[in-house]
Amino acid sequence: MNLYDITGAVNTAFIFISLIGVFSQLRKIWRRKNTDNGLHPTELLSLNQFTVSFLAYLSFFVYGYSIEPFNHYIVWPRLIASLLVLCIIMEIMMDRKSARSIVSFVLSASGLLLAVIGLFYGESISDKGKVISTSIILCVSVLIAQGYFHQIRLIYKSGRTGAVDLKMSQFIFMMDISTIAFALTMGFSKGWPLLVLAVTSGITKLVIMYLFKWVAVSPIAAKHRNARFS
C-alpha cells in the first residue's frame with residue numbers, strides 16, 4: 001500500500017467521521033422539533049451555509065468520478081454526505097417555508113439527481129465533467145467562505161449558537177485536514193482543487209469552533225443576547 005492509498009483510506013475514514021457530525025446536526029434539529037418550548041428547530045442555521053456545503057460535497061462527488069482513475073475514496077462518502085446535507089436543507093425548508101428555502105431545496109435535489117445520472121455515463125463525460133466539477137469546486141470555495149461568514153455573523157450578532165451543532169464543525173474540520181493530506185499525495189495537477197476547498201473549509205470551521213467558546217465567556221456576546229431579549 002503506497003502513500004496515496006494510505007492517505008485515501010484515512011481521508012475516507014475521516015469523511016465517515018464527519019458524516020457523524022452532519023448526522024448529529026440533523027438529530028439536533030429532530031430533537032428540537034420534538035420539544036414544546038416554541039423554538040424553531042432550525043434557529044440560527046444558515047440556509048446559505050448549508051446550501052454551499054451541499055454544493056461542496058456534490059462537486060467533490062462529480063470530481064471523483066470525472067478524473068482518471070475513478071476515485072472511490074472521494075465519490076461514495078461524498079454522495080452520502082450530499083444526501084445528509086440535503087436532508088438538513090429539507091428540514092430548514094419545512095421549518096421556515098420561505099421562497100428561498102424552497103428554491104434551495106428544489107435546486108439542490110435536482111443537482112444531486114443530475115450528478116447521479118452523470119455517474120452512469122462514465123467515460124463519455126469524463127473530460128467535460130472534470131472541467132465542470134473543477135469550476136464548481138473553485139466557485140464553491142469562494143461561496144463556502146461567504147456562506148460560513150454568514151453563519152459566523154449570525155452567531156456573533158445574536159451572541160448565541162442556537163441550533164448550530166459543535167460536533168459537526170469538529171468532525172468536518174478533521175475531514176478537512178485529512179483531505180489536505182490526501183490532495184497533496186494525489187499530485188498538484190489533480191489535487192489542487194480539493195486542496196483549495198479543504199483549506200477554505202478548515203479555516204471557517206476553526207472560527208465556528210472558537211465562537212462556541214466565545215459565546216460562553218465574552219461580555220460582547222452577553223451584551224448581544226441581552227439586547228435581543230430586552
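The values are calculated or read from the model by the stated rules, or taken from the named source; none is laboratory data. Predicted model only: the values in this text are computed from it and were never measured. A quick note on method: Cβ atoms are made from the backbone with ideal geometry, for glycine too, and the neighbour counts reach across all protein chains shown. What goes into the accessible areas is simple: the full protein's heavy atoms, side chains included, and nothing from ligands, DNA or RNA. Shrake-Rupley method; radii C 1.70, N 1.55, O 1.52, S 1.80 Å.
Can you send over the carbon and sulfur percentage of the accessible area for the range 55-162, probe radius 1.4 Å, protein chains only?
Using a 1.4 Å probe with all protein chains present, the range 55-162 comes out at 74 percent carbon and sulfur.
Would you mind checking the tilt of helix 166-186 against the longest principal axis of the Cα atoms of the chain, expressed as 0 to 90 degrees and rounded to 10?
20
Kindly write out, for the range 143-148 in residue order, the coupling ³J(HN,Hα) from the Karplus curve 6.51 cos²θ - 1.76 cosθ + 1.60 (θ = phi - 60°), rounded to whole Hz, with x marking Gly and Pro.
5, 5, 5, 5, x, 6
Per residue, how large is the accessible surface of the chain? Use a 1.4 angstrom probe and give square angstrom.
So the chain comes to 49 Å² accessible per residue, rounded to a whole number.
Once you put a point 7 Å from the Cα of residue 138 and another 7 Å from the Cα of residue 177, both along the Cβ direction, what distance in nm separates them?
3.0
Working with all protein chains in place, sort 165, 95 by solvent-accessible area computed with a 1.4 Å probe, largest first.
Largest accessible area first, the list is 95, 165.
Might you work out the accessible area of residue 160 for me, using a 1.4 Å probe with all protein chains in place, and round it to the nearest 10 Å²?
Accessible surface of residue 160 is approximately 50 Å².
Based on Cβ point charges of +1 for Lys and Arg and -1 for Asp and Glu, what charge dipole magnitude is obtained for the range 137-230 about its Cα centre, in debye rounded to the nearest 20? Don't skip to the end; give the middle numbers.
Values: 10 positive and 2 negative charges, 92 e Å.
Roughly 440 debye for the range 137-230.
Which whole-number percentage describes the relative contact order of the chain, with Cα contacts under 8 Å and a sequence gap of 6 or more?
Averaging sequence separation for qualifying contacts and normalising by length gives 30 percent for the chain.
Compute, for the chain, the length of the dipole vector about the Cα centre, with Cβ point charges of +1 (Lys, Arg) and -1 (Asp, Glu) only. Units Debye, rounded to 20.
Taking the Cα centre of the chain as origin, the dipole is about 1080 debye.
Counting only protein chains, not ligands or nucleic acids, how are 16, 105, 188 ordered by accessible area (probe 1.4 Å), most first?
Values: 16 95, 105 45, 188 155 Å².
My answer, sorted largest first, is 188, 16, 105.
List the residues of the range 185-204 whose backbone N lies under 18 Å from a point placed 7 Å from the Cα of residue 10 along the Cα-to-Cβ direction.
In the range 185-204, the label zone of residue 10 (backbone N under 18 Å from the point 7 Å along Cα→Cβ) covers 185-188, 191-192, 194-196, 198-199, 202.
What accessible area, in Å² to the nearest ten, does a 1.4 Å probe give for residue 206?
Looks like 90 Å² after rounding.
Can you put 172, 177 in order of accessible area, largest first, using a 1.4 Å probe?
Working: 172 10, 177 90 Å².
So the residues, ranked largest to smallest area, are 177, 172.
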